[in-house]
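Notes for the one structure printed next.
Every number here is computed from the coordinates shown, using simple stated rules; none is lab data. What you are looking at is a predicted structure, and each value in this text was computed from that prediction instead of being measured. Here the Cβ positions follow ideal geometry from the backbone for every residue, glycine too, while neighbour counts run over all protein chains shown.
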């Protein structure tokens, strides 16, 4: 297995940030700066994306998870806090299922437990058709616009469009196949890491049913819903995003774990 490249900054407890579809480690530039004062921040580029665009992307979420765990093994990092966004959220769920003893705190951001993505702005089949018909650059640019409340006029849109253009056709199609093959719902009730589910209230990729299922299924999970933000909260509202994450990471690992009966109806 070829080792993933990564970006790293800071000192302290390890914090691993896993990007999503059509992204890369450059998605986390603001978070590298924000959290380096308190954490050893590690941002891998998934196989097929970012600085690893030349690598062959796996067709399963499980293989992505194994590649990130392999990187952490090579860095001799035994335990860590873990944050995953979108497809990266699927990957960190798999990492938690595979190595629960290694995950101290878990942040599931703009993601859900179903790869089929019910309620997404378009189906997986439609995305596959658009990639094959229009190419990666055009389709990636169109998808990136849906991540922001202000679409192509959003401040971070051009950066996301540029990152999406680095992916190859094989990578885009392999990722869609990986989503279709993955369902993480059965593992959620076994999670024991302190967990935060973080979601933008205007997210068009993951409708409310997905983060709600994470929140209700994972014992003791906390929930943060950011108003006036879509799929990419950390770029739309970076100060609020960073404050929420920092507060959660500072919380005591020994705080009470509740069960689903403690959670209110919304």
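Nearest 500 deg cm²/dmol is fine: what mean residue ellipticity at 222 nm does the chain get from its DSSP H runs of n ≥ 4 alone, each adding -39,500 (n - 2.57), divided by its residue count?
Working: 10 runs with 101 residues, N = 266.
Mean residue ellipticity at 222 nm (helix-derived): -11000 deg cm²/dmol.
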With R₀ set to 41 angstrom, the calculated FRET efficiency between the beta-carbons of residue 79 and residue 133, to the nearest 0.05, is 0.35
Length gained, residue 125-residue 2, 0.36 nm per residue minus C-alpha separation, equals 41.3 nm
Neighbour-count ranking for 128, 166 (other C-beta within 10 angstrom, fewest to most) reads 128, 166
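Please sort 67-80, 172-185 by packing, taking for each peptide the average over its residues of neighbouring beta carbons within 10 angstrom, highest first. Display every interim value, and only then the final one.
Details: 67-80: 16.1, 172-185: 19.1.
Descending mean neighbour count gives 172-185, 67-80.
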For 4, 132, 15, 66, ascending order of other Cβ atoms within 10 Å (fewest first) is 132, 66, 4, 15
Which of 151, 115, 12 fluctuates most in a GNM of the chain (C-alpha springs under 10 Å)? That residue is 12
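Could you line up 55, 87 from fewest to most neighbouring Cβ atoms inside 10 Å? Let's see the in-between values first.
Details: 55 19, 87 27.
Neighbour counts put them in this order, fewest first: 55, 87.
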Extend 7 Å from the Cα of residue 165 along its Cα-to-C-beta direction; within the range 113-156, residues with backbone N under 20 Å of that point are 130-148, 151-156
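Stretch residue 98-residue 152 to full length: gain in nm at 0.36 nm per residue minus the Cα-Cα span? Before the final figure, lay out each step's value.
On the way: separation 54, 0.36 × 54 = 19.44 nm, distance 3.80 nm.
Stretched fully, the residue 98-residue 152 segment lengthens by 15.6 nm.
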